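The values are calculated or read from the model by the stated rules, or taken from the named source; none is laboratory data. Not measured: the values here are computed from a predicted model. As a convention, Cβ positions derive from the backbone with ideal geometry for all residues, glycine included, and neighbour counts pool all protein chains shown.
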Amino acid sequence: MDTVERIGISLEKDLLGLFDEMIKKQGYQNRSEAIRDLIRIRLSEETLKNPKAHAVAAVCLVYNHHSTSLMEKLTELQHSRLLQTVCSTHVHLDHHNCLEMIVLKGKIEDINKTAENLISIKGVKLGKINFVPAE
């Protein structure tokens, strides 16, 4: 188990009040865990700036499933990047639209390239990439 060190910080009362309101809304039991999470988030943002860093990403695509050969192109691209593709999930949103969530892993630059190829396929209405550092 990691050794825990105690530190002290000084905050203006107004800032602390806003912080306490925020962490209460988010369900934190104490300030320490909220501060630890804020530090983790900031450190992960720094990691994600490095294109050589390893990460996992969820690529979410919304598309009309009636689009000609779109499903085949999505499948083909995932199979060609098999070492990067961890899994995919298909959700029927309505009669015409589907959501495909594809989980990729690898270097950020490689994930970005694959995700951009997926998002740019004709028929994809909207695409979004969400990264999490894997180091």
With (1) farther than 18 Å from residue 111 by Cβ; (2) in contact with a helix residue (DSSP H, G or I) (Cβ under 8 Å, 6 or more places away or on another chain) as the list, and residue 48 as the residue in question, which single condition is left unmet? (1)
Does the stretch 49-63 include one or more residues that are assigned to a loop (DSSP other than H, G, I, E, B) and of a type in the set (A, V, I, L, M, F, W, C)? yes
If you check 34, 58, which single one turns out to be outside the structural domain of residue 111 (by TED's automatic domain parsing) and either surrounded by 15 or more Cβ atoms within 10 Å (Cβ to Cβ) or within 28 Å of residue 122 (Cα to Cα) (or both)? 34
Mind telling me which of the residues 111, 41 ends up being buried (at least 16 other Cβ atoms within 10 Å of the Cβ), without any contact (Cβ under 8 Å) to a residue 60 or more places away in the chain, β-branched (Val, Ile, Thr) and not in a strand (DSSP E or B)? 111
Among residues of the stretch 73-108 being small (Gly, Ala, Ser) and within 17 Å of the chain's Cα centre (by Cα), the residue modelled with the lowest pLDDT is 88
Residue within the stretch 6-28 that is assigned to a loop (DSSP other than H, G, I, E, B), assigned by TED's automatic domain parsing to the domain that holds residue 104 and within 28 Å of residue 134 (Cα to Cα) present: no
Subset of the stretch 72-108 [buried (at least 17 other Cβ atoms within 10 Å of the Cβ) and part of a helix (DSSP H, G or I)]: 73, 74, 78, 108
